[in-house]
Each structure stands twice: as structure tokens, then as C-alpha cells.
Amino acid sequence: MRVKVRGKRRLQGVVEISGAKNSAVAIIPAAVLADEPVTIRNIPDIQDVRTLIGLLQEIGYSTTYQDNVLSIKQLTKIDWEIKSEEVKKLRGSYYFMGAFLGKLKKVKMLTSGGCDLGHRPINFHLEGFQKLGAEVKAESEEITITAPKLEGTTLDLKFPSVGATINLMLAAVKAKGETIINNAAIEPEIVDVGNFLKSMGANIVGLGTSAIKITGVKYLHQTDYKISPDRIEAGTYLILGALSKGKGFTVRNIQADKMTSLLNLLKGIGCRLDISENEIFIKNEGPLCNFHIVTKPYPGFPTDLGQLITVLMLIVEGESSLKETIFSNRFSHVKELEKMGADIKVIDDTIYVNGPCQLKKATLVAHDLRCAAALILASTLNRGQTIVENIEVLLRGYENPIQKLRNLGLNIQIE
Ligand code: EPU
């Protein structure tokens, strides 16, 4: 699949933000910990969610998914082996490890996939499972984790990994006694997953801080939980707002207090932002300043917006830079932007852009989710036609992006 974009349109209107992808892809596997049926609202209709729902069905759950509401009910006894190869399609499937450990004390599955962002080990997850009492066998692509018993302990993460924090929380929620996760990640999606577990009766304190304390419980009851809005999707549209000349537009259904680093940056370089309770009006009112950023764990500038923010560097005067400190290679968009004529280069872990860049029409390839979003943003700057191929990767993580962009006035066709 590919999209054709003709840019330089004056965008206006309202874009509604969907539920958070990185909450949804953890909360869906986490739901297997429930001992009663659960309902989860505001689940974005994205490919990664569809893959996880398919996996739940294969595992032995009945699911209904309509209007972003997912209801899940266990139908049969659950086999500890997840045989499906579908787990390879996304990163979030590794949350079945923690959830199965919590539920069945054992799991066998293939290693998960996800965007290629350089080396992405899961040693913190596995070391944590081992400290909780599990034995881990990793053979080529298959991981077997068994725990005669899981007992609470203190886990010190070497880095505040989002995935490890969530996976260990899932494994600990029904373990015996008290588990403390030190140097835990504090991203809002972790708080969301923790609140989901708490809504079923889990005993977790310290969510959103770097020390999370979990006291194991035996039973998790039914829940009806609504997940938070996607701060990265919101950030994507806000960056689009900063790129576009025109009347400005409103990004609705957001939590501005979860996006401070981006909002400070956009304000600091000269964008107009009118922030109210759950929406932001954004307008590019004149020349924006060049800027230098470093990606950091929350509340720092999110790595997930790194590729996108480099597109904003293309329109500002002078040198801007982005230092990526979370992943070893999140630069797949750079060679594509070069094809459009961008003056952009990578030195070590930093991207440098010399703007403003005159862009020309080009055919680009989306290599990963945020790369795809970045290329679409870049194509809005070009009056001529830009083609972005392999757009499937965008649909893994953004709900209804083509229609949302069209509603704002962008000329974009998918084929
Ligand atoms: N790391 C290790 N060992 C581990 C775990 C992580 O060395 O056991 C390293 C990673 O290699 C990486 C760093 O720690 O260099 C951070 O990784 P983290 O575990 O925090 O990231 P993740 O759980 O793999 C999630 C999101 C990513 C997002 C990051 C950081 C999901 C499914 N993925 O990944 O989202 O970039 O946290 O915020 O929640 C995206 O949405 O585009 C995306 C890639």
C-alpha cells in the first residue's frame, strides 16, 4: 500500500485523538490476568490491536470489538504455549510473557517483533522474571519461562525500560508477597496499565514514580476501563500544525499535562498554542526558530516523536539537531528525507538539519511506524506529489490517519 500526498494545503478544523497505542498493546495482554470478563474502552482500531485480539482468540478468549470497545471473556482452559507466529508482528506481544507468568506460572512463545530501531534486547524483563523465581530458557526464537512459584522481591532496573517495567508488574501482580521495582519507567502508559490492573483489584502503589510497589493478590475481578489518549498521536498532529501555514487547527481529546516537553518546545520556537482542558489549538504564525533537542525517558522529549520533529527542522532557518539517546538506530527516515532534497545528516547518535530546505517531489519508503508518520509530515511541505510506499507500517499504530488528515484539508490518497 502507498499514499500520494500533495502538500502546501492550508489546514484547518479539528482532529480527534484516539486511545494510546502503547497502553492498548499492554492492556490487552494484561487482560488475561483477569479472573472475570473485562471491558476496555477507547482502544484504537490499529493493526497491532487487531493482531493482539486475534492472538487472544487463538489462546481461548471470546472477544467483541466495536466502536473502540473491547470485551474479553475466557472460554476454555488456557494452554501455557502460545503457538501462533503472529506474536512476531509486534513488540507488545511480549507482554503475554508477564501476563501468562502471573496467571499460569509458565509460558512458551516465540520472541516478539516490532519496529527495527537497532538492538532491542529483553534482558531486563528476563532477569526480573528470574529474580521473581522463574527459570528462563531462550532457544533461537523461542522462549520458555517456568516458575514453580513466583515470590515478591526487589527488582532494580539498570535502565527505566517501559517494556520491562510493565512486564514485571504483570508478573508480580499475583505473585506471593511484595515486589518493588526500582528505577521503574514513569511513562503515562505505565500508569495506564497499572490503573487498569488496580481497577481489577491489584494492589499497586507508586505508579508514575520510579519505585513501584506491588503486593500480590489471588484474584482479579471484572472491570470496565477506559484507556488514556495517545500523547504520541497528539504530538504527531501538533507537529503537523506547526508545519502548516493556514488558519491553524484544534487537536482534541488530549492530556496536555502529559506532553509538556513537546508543548514547551513548540511554544519556545514561536508556535501559537491555545491550551484548554482537553484540546489545543495550534497555529504557525510566522518564522519559527531553529532548535536542538535530546530524547529522554518521560517527562523528557519522547523518542517516539524524534523522527517527526526532525521534519519541523526542515522549515526553520539555521542548524537544528536531535540527539537520540533511547534507541541505537532510529534514523530510518533520514535517507528518505534526503531523497526529497533535505540537507540532513547523521553523526553518531545525532541528526543535524540545515534549514530551510527546498523539497522536491520523490517516492519514499516508510521503514517503521514513526518513520511513516514523519514522511507524511514531510510530504505536506511539498507542493508537488510525494509518494510514500509501505504505508502498512503507519496503520500498525495510527487510527484512521488518512481520513483524519483529509478532514484537516490535506490532499492524500491511499492505494
Ligand atoms: N532495553 C534493554 N534491555 C531490556 C529492555 C530495554 O537494553 O530488557 C533498552 C532498549 O534496547 C532501548 C531502551 O532500553 O535502548 C529503552 O527501551 P524500552 O524498554 O523503554 O522500550 P520498549 O518497551 O521496547 C516502548 C514503546 C516504544 C517506545 C519506548 C520508549 C511499546 C510497545 N513500545 O518500547 O514505542 O519508543 O517504549 O518510550 O510500548 C513506538 O510507539 O513507536 C515505539 C517504538
Cβ contacts < 7 Å: first residue within 16 Å of ALA175 (Cα to Cα), restricted to region 123-148; second residue modelled with pLDDT under 95 and away from the ligand (no atom under 14 Å from the Cβ), any location; separation 6+ or different chain. Result?
GLY133/LYS149
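Of the residues that sit in region 144-160 and are out of contact with any strand residue (DSSP E or B) (no Cβ under 7 Å at 6 or more places or on another chain) and within 16 Å of the ligand (Cβ to nearest atom), which one is least open to solvent (accessible area, probe 1.4 Å)? Let's see the steps before the verdict.
Filtering region 144-160 for residues out of contact with any strand residue (DSSP E or B) (no Cβ under 7 Å at 6 or more places or on another chain) gives 148, 158-160.
Within this subset, residues satisfying the condition of being within 16 Å of the ligand (Cβ to nearest atom) are 158-160.
Working: LYS158: 146, PHE159: 80, PRO160: 30 Å².
Looking at the filtered set, the residue picked out is PRO160.
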Show the residue pairs that are 6+ apart or on different chains and have beta-carbon atoms under 7 Å apart, the first residue being within region 301-327 and away from the ligand (no atom under 16 Å from the Cβ), the second being at pLDDT 95 or above and in a helix (DSSP H, G or I).
LEU312/ILE239; LEU312/ALA242; LEU312/LEU243; LEU314/ALA378; ILE315/LEU243; SER320/MET313
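Can you tell me which residue among PHE100, PHE96 is within 16 Å of the ligand (Cβ to nearest atom), crowded, with 18+ Cβ neighbours inside 10 Å, modelled with pLDDT of 95 or more and over 23 Å from ALA366 (Cα atoms)? Walk me through it before giving the result.
On the way: PHE100 fails: within 16 Å of the ligand (Cβ to nearest atom).
One residue alone meets the criteria, PHE96.
Taking region 369-389 as the search range and keeping residues that are in a helix (DSSP H, G or I) and touching a strand residue (DSSP E or B) at 6+ places or on another chain (Cβ under 8 Å), which one is farthest from the ligand (Cβ to nearest atom)?
Within region 369-389, the subset in a helix (DSSP H, G or I) is 369-379.
Now narrow it down to the ones that are touching a strand residue (DSSP E or B) at 6+ places or on another chain (Cβ under 8 Å): 372, 375-376, 378-379.
Numbers: ALA372: 10, LEU375: 14, ILE376: 15, ALA378: 17, SER379: 19 Å.
Selected residue: SER379.
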Out of region 108-129, which residues are surrounded by fewer than 20 Cβ atoms within 10 Å (Cβ to Cβ) and more than 9 Å from the ligand (Cβ to nearest atom)?
LYS108, LEU110, THR111, GLY113, ASP116
Only one residue in ASP368, ASP348 is surrounded by fewer than 24 Cβ atoms within 10 Å (Cβ to Cβ) and out of contact with any Cys (no Cβ under 7 Å at 6 or more places or on another chain). Which one?
ASP348
Residue by residue through region 295-323, note down the ones that are within 14 Å of the chain's Cα centre (by Cα) and assigned to a helix (DSSP H, G or I).
THR303, ASP304, LEU305, GLY306, GLN307, LEU308
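The values are calculated or read from the model by the stated rules, or taken from the named source; none is laboratory data. Since the structure is predicted, the reported quantities are computational estimates derived from the model, not experimental observations. Reconstructed Cβ throughout: ideal geometry from the backbone, glycine too, with neighbour counts over all protein chains shown. Side chains included, ligands, DNA and RNA excluded: accessible areas come from the protein's heavy atoms. Shrake-Rupley method; radii C 1.70, N 1.55, O 1.52, S 1.80 Å.
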